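This report concerns only the one structure given below.
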Amino acid sequence: SGQWPNVERVYLFMTEKVGTKGIAKFIILSLIGIFLFLIPVSGATVPIVVFINTIKAFLGPILPILVVISLSVLMFTIFMAKVVKSPKFVEFHKDDKPSKFVFYILAFIFVLCILLKVGPASIFQNPDIGGQVITLAQNVMLTVTIAGWLIIFMLKSGIVEFLGTLLEPLMRPIFKMPGQAAVNCLSAFMVSPAVGVYMSDQYYASGIYTRKEGMTAITNFSTVSVGYISVLAAMAGVEERYGQMVIITLLLVFFMTAVTVRIPPLSLVKNEYISGEEEKPQPVQEGSRFQRALAAAAARSEEFTLKAFVGSLLNALKFSQRIIAYMIPIVVVTLTLVHFTPVFTWLGKPIAPILSLLGMPDAAAIAPGALLGFIEVSLPVIAISGQGVAPQSAFFVVMLAIMQIVFMTEAGNAMLGSSMKVKMSELVLVFIVRTIIAVPVLALISHLLF
């Protein structure tokens, strides 16, 4: 033992402080999560996508019926909350703003119009609009439900805490961020943009981040979740690239952070804490970094229980219900504009030549997506749905929407509401800068993969 003092100390720490049961649970659950979401088993397809496709093929023609049932249940909960004022249903909708109820009701009406062939035939009976809406809705509902359910193997296994703690030494010199930012990034990546913004805001409010660090975190780490990447990939018809998208997204998040933190507008943000101070003493942490990572991972893995596993499915069902209800009206309006107006053509005119210069196929068709992402992350993908763009271009559109980070329907509004007092002008500048950097980088990556 004298020859291996570090190994002995780690072993004693594992057995006495953390416990072999916690370590074993962390390892097993993490391996399952990594296998499901990150390890290709069929070409570039990861197991979670294979599972989703299998279920999709099995359910087949009843999927539209499941969409109607899901929206009907949502209408019932809205009625019970707003008309009957049932406390249970009021609690169910406590986070829904009035504008969202409008979307939910419109979604229900639009789906009925499409399936019952009622209303303007050029829209609801048009396979490129009404048909596309149903296809997208059923695919998104199934993908979000299954991926959102099984993401618990990443969220509750401890792998996020383990990797986040080990990555701490990279954060300060490369990203000019404190060590906690590693967990901040990975947690947002696994959950949602709003969670990323919330966590960053809490770090700022508690004095962990300066305003500059907080702004860097919310505009770089608040990416769409692993589960939603699968949704965008499915919508664009490139779900077989899902595993590659996850890995590339994580790598580019760090690359973009290292670049954007050193240039305006982020480089111009004051580097001071919420108290007004510019420096503060750093607390001393006990144990080696590996020990701390192991302890954090083992502690998180204890949260993986049967109750949590079932709860993850219920949360995924609830989330998928809201996602399709919010998405359907946007899809109907957007596809109507795409097919019957020149709006998107006008938006893409200044950008199409740049994409052509970068060698992207269908440059004119995908160009509007470079700007639509500021409104909603799915809009660029919706805009190209049914247009038959090349898989390379579909991949490019999805990845660009993900890397732009700032989209007003979720992340952007959360940023504006944070305690960092973010200005709209700052978000617009960040969006433009991220787009300018991401376009050539993603064009190069797409050429290497296709």
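The values are calculated or read from the model by the stated rules, or taken from the named source; none is laboratory data. Everything quoted here is computed from the prediction, not taken from an experiment. Cβ coordinates were reconstructed from backbone atoms using ideal geometry, including for glycine residues, and neighbour counts include every protein chain displayed. Note: accessible area is taken over every heavy atom of the protein model, side chains too, but ligands, DNA and RNA are not part of it. Shrake-Rupley method; radii C 1.70, N 1.55, O 1.52, S 1.80 Å.
Figures for the structure shown
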read-out: From the options 188, 233, 182, residue that is assigned to a helix (DSSP H, G or I), buried (at least 22 other Cβ atoms within 10 Å of the Cβ) and at pLDDT 85 or above; value: 233
read-out: Single condition residue 377 does not satisfy, out of (1) within 23 Å of residue 227 (Cα to Cα); (2) surrounded by fewer than 22 Cβ atoms within 10 Å (Cβ to Cβ); (3) in contact (Cβ under 8 Å) with a residue 24 or more places away in the chain; value: (2)
read-out: Odd one out for residue 355, checked against (1) at pLDDT 85 or above; (2) within 21 Å of the chain's Cα centre (by Cα); value: (2)
read-out: Lone unmet requirement of (1) surrounded by fewer than 17 Cβ atoms within 10 Å (Cβ to Cβ); (2) within 16 Å of the chain's Cα centre (by Cα) for residue 403; value: (1)
read-out: Residue count, the range 208-228 (criterion: open to solvent by 10 Å² or more (accessible area, probe 1.4 Å), modelled with pLDDT under 90 and either part of a loop (DSSP other than H, G, I, E, B) or out of contact with any Ser or Thr (no Cβ under 9 Å at 6 or more places or on another chain) (or both)); value: 2
read-out: Flag if residue 396 is open to solvent by 10 Å² or more (accessible area, probe 1.4 Å), among the aromatic types (Phe, Trp, Tyr) and touching a residue at least 40 places away in the same chain (Cβ under 8 Å); value: no
read-out: Boolean, residue 204 is closer than 21 Å to residue 170 by Cα, over 17 Å from the mean Cα position of the chain (by Cα), of a type in the set (Ser, Thr, Tyr) and not in a helix (DSSP H, G or I); value: no
read-out: All positions within the range 13-40 that are over 22 Å from the mean Cα position of the chain (by Cα) and either exposed (fewer than 11 other Cβ atoms within 10 Å of the Cβ) or at pLDDT 80 or above (or both); value: 16, 20, 21, 22, 23, 24, 25, 26, 27, 28
read-out: Some residue of the range 291-308 being closer than 26 Å to residue 132 by Cα, open to solvent by 20 Å² or more (accessible area, probe 1.4 Å), touching a residue at least 40 places away in the same chain (Cβ under 8 Å) and not polar (S, T, N, Q); value: no
read-out: Residue 137 being at pLDDT below 80, part of a helix (DSSP H, G or I) and either touching a Gly at 6+ places or on another chain (Cβ under 6 Å) or of a type in the set (A, V, I, L, M, F, W, C) (or both); value: no
read-out: The range 83-103 residues that are at pLDDT below 90, paired with ones that are surrounded by 15 or more Cβ atoms within 10 Å (Cβ to Cβ) and not hydrophobic (A, V, I, L, M, F, W, C) (beta carbon under 6 Å, 6 or more apart); value: 92/77; 103/326; 103/329
read-out: Filtered residue count, the range 406-440, keeping only those that are under 15 Å from the mean Cα position of the chain (by Cα) and among the small types (Gly, Ala, Ser); value: 3
read-out: Every residue from the range 246-272 that is open to solvent by less than 10 Å² (accessible area, probe 1.4 Å) and either of a type in the set (Gly, Ala, Ser) or not in a helix (DSSP H, G or I) (or both); value: 261
read-out: Residue under evaluation residue 243, criteria (1) more than 13 Å from the chain's Cα centre (by Cα); (2) closer than 21 Å to residue 154 by Cα; (3) open to solvent by 10 Å² or more (accessible area, probe 1.4 Å), criterion not met; value: (3)
read-out: Selected residue [of a type outside the set (Lys, Arg) and out of contact with any helix residue (DSSP H, G or I) (no Cβ under 7 Å at 6 or more places or on another chain)] from 33, 60; value: 60
read-out: Subset of the range 324-337 (residues that are within 25 Å of the chain's Cα centre (by Cα) and either surrounded by fewer than 22 Cβ atoms within 10 Å (Cβ to Cβ) or of a type outside the set (A, V, I, L, M) (or both)); value: 326, 329, 330, 333, 334
read-out: Meets criteria (under 28 Å from residue 36 (Cα atoms), of a type in the set (Gly, Ala, Ser) and open to solvent by less than 60 Å² (accessible area, probe 1.4 Å)) for residue 121; value: no
read-out: Residue among 199, 171, 154 that alone is touching a Pro at 6+ places or on another chain (Cβ under 7 Å) and either open to solvent by 20 Å² or more (accessible area, probe 1.4 Å) or at pLDDT below 85 (or both); value: 171
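Here is a yes/no grid of residues against (1) more than 18 Å from residue 231 (Cα to Cα); (2) among the acidic types (Asp, Glu); (3) surrounded by 22 or more Cβ atoms within 10 Å (Cβ to Cβ):
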residue	(1), (2), (3)
353	yes, no, no
362	yes, yes, no
372	no, no, yes
392	no, no, no
412	yes, no, yes
415	yes, no, yes
423	yes, no, no
